[in-house]
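Worksheet: the structure to be examined is printed underneath.
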Amino acid sequence: MELRPTPLKDCFIVIPRAFKDPRGTFCETYNQQAFKKVTGLDIHFVQDNQSTSRRGVLRGLHFQKGNMAQAKLVRAIQGRVLDIVVDIRNESETFGQSFSIELTAENRKQLFVPRGFAHGFITLSETSVFGYKCDNFYDASSESGIIYNDATLALDWHLPDEEFIVSEKDLLLPSFKEAIV
């Protein structure tokens, strides 16, 4: 497993090694010992989630607050997605900054999203299957988010706005300034 830093503090690109032979490929998508050795972070994932989406589906920007905050390891199992994270930790030197990466089944790249980050993605291919491991359980009373088209963040989702498919719930999310009070 290869880990690469991103411009955002504590956020890493994780690239598993793939072993190919005439039967196909094998790769270890996560190894807690290797991850801790490189990052110094002792993460224990407790929940795995998976979603399927069609082109233009935009999910986010989501996060959980307080004791229910979640770190995530996200990846595209099938298809192509643009994944975006925003550091919302007030005390962080990268507070308010964002990072985006294209995750595909072919490039096998994953993104480790630490606690205290808002996270979202949009499907760029005809369909996608997106998986994520979480280090804390989902708690509806702790969920929050930031509207995907926040003017302060000015995020580039790589598709024209008219192609976006956004849930009613996500359309009602507050701005960055309203959410991070």
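Every number in this text was worked out from the coordinates using simple rules, so none of it is lab data. Since the structure is predicted, the reported quantities are computational estimates derived from the model, not experimental observations. Positions of Cβ are generated from backbone atoms using ideal geometry, with glycine treated the same way; all protein chains shown enter the neighbour counts.
Computed from backbone phi, the HN-Hα couplings of region 150-161 come to 4, 5, 5, 6, 6, 6, 9, 8, 6, 10, x, 3 Hz, rounded to whole numbers (Karplus: 6.51 cos²θ - 1.76 cosθ + 1.60, θ = phi - 60°; Gly and Pro given as x).
For a protection proxy built on the mean count of beta-carbon atoms within 10 angstrom, sort 162-174, 49-61 highest first, please.
Values: 162-174: 13.1, 49-61: 17.5.
Output ranking for 162-174, 49-61: 49-61, 162-174.
Taking only the Cα atoms of region 2-179, the ratio Rg/Rh comes out at 0.95, with Rh defined as the Kirkwood radius.
Adding -39500 (n - 2.57) for every DSSP H run of four residues or longer, then dividing by how many residues the chain holds, sets the calculated 222 nm ellipticity at -2000 deg cm²/dmol. Take the residue pairs K20/K65; K37/K169; K109/K169; K133/K169; K20/K169 and return only those whose Cα atoms are more than 31 Å apart. Checking Cα-Cα distances, K20/K65; K37/K169; K20/K169 exceed 31 Å. Taking the dipole about the Cα centre of region 28-142, with the C-beta of Lys and Arg at +1 and of Asp and Glu at -1, give me whichever of Y132, V57, S100 is farthest to the positive side. Farthest along the dipole direction, towards plus: V57. Among the chymotrypsin sites (Phe, Trp or Tyr not before Pro) in region 97-137, those located in a DSSP loop and surrounded by at most 13 other Cβ atoms within 10 Å of their own Cβ are F137.
For a quick protection proxy, order the peptides 102-111, 74-83 by their average other-Cβ count within 10 Å, most packed first. It would help to have the intermediate numbers written out before the result.
Details: 102-111: 17.8, 74-83: 21.3.
Ranked by mean Cβ neighbours within 10 Å, highest first: 74-83, 102-111.
With θ taken as phi - 60° and the Karplus curve 6.51 cos²θ - 1.76 cosθ + 1.60 applied, the whole-hertz 3J(HN,Hα) list for region 30-38 is 7, 9, 4, 5, 5, 4, 5, 4, 7 Hz, x standing for glycine and proline.
Taking amide H atoms as placed 1.01 Å from N in the peptide plane, the amide H of F12 lies under 5 Å from those of F112, each 5 or more residues away in sequence or on another chain.
Net charge around S128, counting only other residues with Cβ within less than 13 Å of its Cβ (Lys, Arg = +1; Asp, Glu = -1)?
Summing Lys/Arg as +1 and Asp/Glu as -1 gives +1.
Using alpha-carbon pairs under 8 Å, 6+ residues apart, how would you state the relative contact order of the chain in percent? Please list the in-between numbers first.
Values: 405 pairs, mean separation 51.0, N = 181.
It rounds to 28 percent for the chain.
Between the amide H of L61 and those of I146, Y148, distances stay under 5 Å, these residues lying 5 or more places away or on another chain, with hydrogens modeled in the peptide plane.
Could you tally the net charge around D150, taking each other residue with its Cβ under 15 Å from the Cβ of D150, Lys/Arg +1 and Asp/Glu -1?
Numbers: positive: K177; negative: D87, D156, D161, D170, E178.
That sum, taken over residues with Cβ under 15 Å, equals -4.
The Cβ shell under 14 Å around G40 holds other residues with a net charge of +1, Lys and Arg each +1, Asp and Glu each -1.
Please give the contour-minus-distance gain from Q78 to N90: 0.36 nm per residue of separation, less the Cα-Cα distance, rounded to one decimal in nm. Could the numbers behind the result be given before it?
Details: separation 12, 0.36 × 12 = 4.32 nm, distance 3.45 nm.
Stretched fully, the Q78-N90 segment lengthens by 0.9 nm.
Region 1-49 and region 140-181 have their alpha-carbon centroids 28 Å apart.
The HN-Hα couplings worked out from phi for region 9-14 by the Karplus form 6.51 cos²θ - 1.76 cosθ + 1.60 (θ = phi - 60°) are 4, 6, 9, 10, 8, 10 Hz, whole numbers, x standing for Gly and Pro.
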